[in-house]
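Notes follow once the structure below has been shown.
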Amino acid sequence: MVREAYRMFFSRHDTLEVVGEARDGNEAVSLHRELKPDITLMDLQMPDKSGVEAIGEICQADPTACIVALTTFGTRDYIVAALRAGAAGYLLKDAGGPALLAAVEQALDGEMPLSSAVRRELVRDVVDSAVRERPALPDPGLAPRERELLTWLAQGLTNQQIGQKMFVSEGSVKQYLSHIGDKLGLKSRTQILMRAVQLGIVDPTELDPITGL
């Protein structure tokens, strides 16, 4: 019934097409390999294989996969596990239609769509991690402009807004983020910010709990 509701919702938008549906985690992995969708909405509680396991397996096989968790579970453990597995975003199912459409567009544009409650949990997790003993991490060799970008990213700015602050194009911002991710060995914006906190590049107390991450 839930899948049918989402299918009907997306069918009303000409720019989007549902190319496949999966009943469980195993089927999600198999269908993603076969269909290679532009974006996948993944529930987390599913039979046979959880959504987190499916996300990890898909992203390991296809690092370019764009998967947004769409679930009723907004606790820190679920959020962190899904994002560490490679999810490109995390939405709660109570998000309205406009928010869901905006999230799909953001994810496809390389942004990190997150429900407000999810952002707050992530900020708490980052702050709690930062107050613990900081692990000894090697210097990733980030350039001054890359470090500047991270400070703007921590304030919750979009790629377009960051470009305006740095006087570069939105495409250049994406390229900067890609280079930073390569240096840190990470993919998602949230993972990059969490590592920036660990490295002392970003002050966790400056992360915006509403628009940050």
Residue check, Lys36 open to solvent by less than 70 Å² (accessible area, probe 1.4 Å) and of a type in the set (Lys, Arg): no
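If we scan segment 152-169, do we find a residue that is part of a helix (DSSP H, G or I), at pLDDT below 85, of a type in the set (A, V, I, L, M) and open to solvent by 20 Å² or more (accessible area, probe 1.4 Å)?
The answer is no, given that none of the residues of segment 152-169 is part of a helix (DSSP H, G or I), at pLDDT below 85, of a type in the set (A, V, I, L, M) and open to solvent by 20 Å² or more (accessible area, probe 1.4 Å).
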Test each condition in (1) assigned to a loop (DSSP other than H, G, I, E, B); (2) modelled with pLDDT of 75 or more; (3) under 20 Å from the mean Cα position of the chain (by Cα); (4) surrounded by 18 or more Cβ atoms within 10 Å (Cβ to Cβ) for Leu213 and report the one that comes out false. (2)
Listed by first then second residue, the pairs whose first member lies in segment 102-122 and is without any contact (Cβ under 8 Å) to a residue 12 or more places away in the chain, whose partner is surrounded by 15 or more Cβ atoms within 10 Å (Cβ to Cβ), with beta carbons under 8 Å and at least 6 positions apart or on separate chains, are Ala102/Pro113
Can you say whether Glu53 is open to solvent by 60 Å² or more (accessible area, probe 1.4 Å), out of contact with any strand residue (DSSP E or B) (no Cβ under 6 Å at 6 or more places or on another chain), assigned to a helix (DSSP H, G or I) and within 20 Å of Arg3 (Cβ to Cβ), as far as the supplied structure shows? yes
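Out of Ala107, Ala87, which single residue is open to solvent by less than 30 Å² (accessible area, probe 1.4 Å) and part of a loop (DSSP other than H, G, I, E, B)?
Step by step, each of Ala107, Ala87 is checked, and only Ala87 is open to solvent by less than 30 Å² (accessible area, probe 1.4 Å) and part of a loop (DSSP other than H, G, I, E, B).
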Would you mind finding the one in Arg76, Arg33 that is under 19 Å from Met112 (Cβ atoms) and of a type in the set (Lys, Arg)? Arg76
Among residues belonging to segment 149-186 that are of a type in the set (Phe, Trp, Tyr) and in contact (Cβ under 8 Å) with a residue 12 or more places away in the chain, point out the one that is farthest from Leu199 (Cα to Cα). Tyr176
Would you mention how many residues in segment 130-150 are open to solvent by 40 Å² or more (accessible area, probe 1.4 Å) and either in contact with a helix residue (DSSP H, G or I) (Cβ under 8 Å, 6 or more places away or on another chain) or modelled with pLDDT under 90 (or both)? 12
Pairs returned, first residue in segment 63-83 that is open to solvent by 10 Å² or more (accessible area, probe 1.4 Å) and at pLDDT 90 or above, second residue that is in a loop (DSSP other than H, G, I, E, B) and of a type in the set (Val, Ile, Thr), beta-carbon separation under 8 angstrom, 6 or more apart or interchain, are Cys66/Ile39
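The values are calculated or read from the model by the stated rules, or taken from the named source; none is laboratory data. Everything numeric in this text was worked out from a predicted model, so none of it was measured. Here Cβ is always computed from backbone atoms with ideal geometry, including for glycine, and neighbour counts include all displayed protein chains. Ligands, DNA and RNA are excluded from the accessible area calculation, which covers all protein heavy atoms including side chains. Shrake-Rupley method; radii C 1.70, N 1.55, O 1.52, S 1.80 Å.
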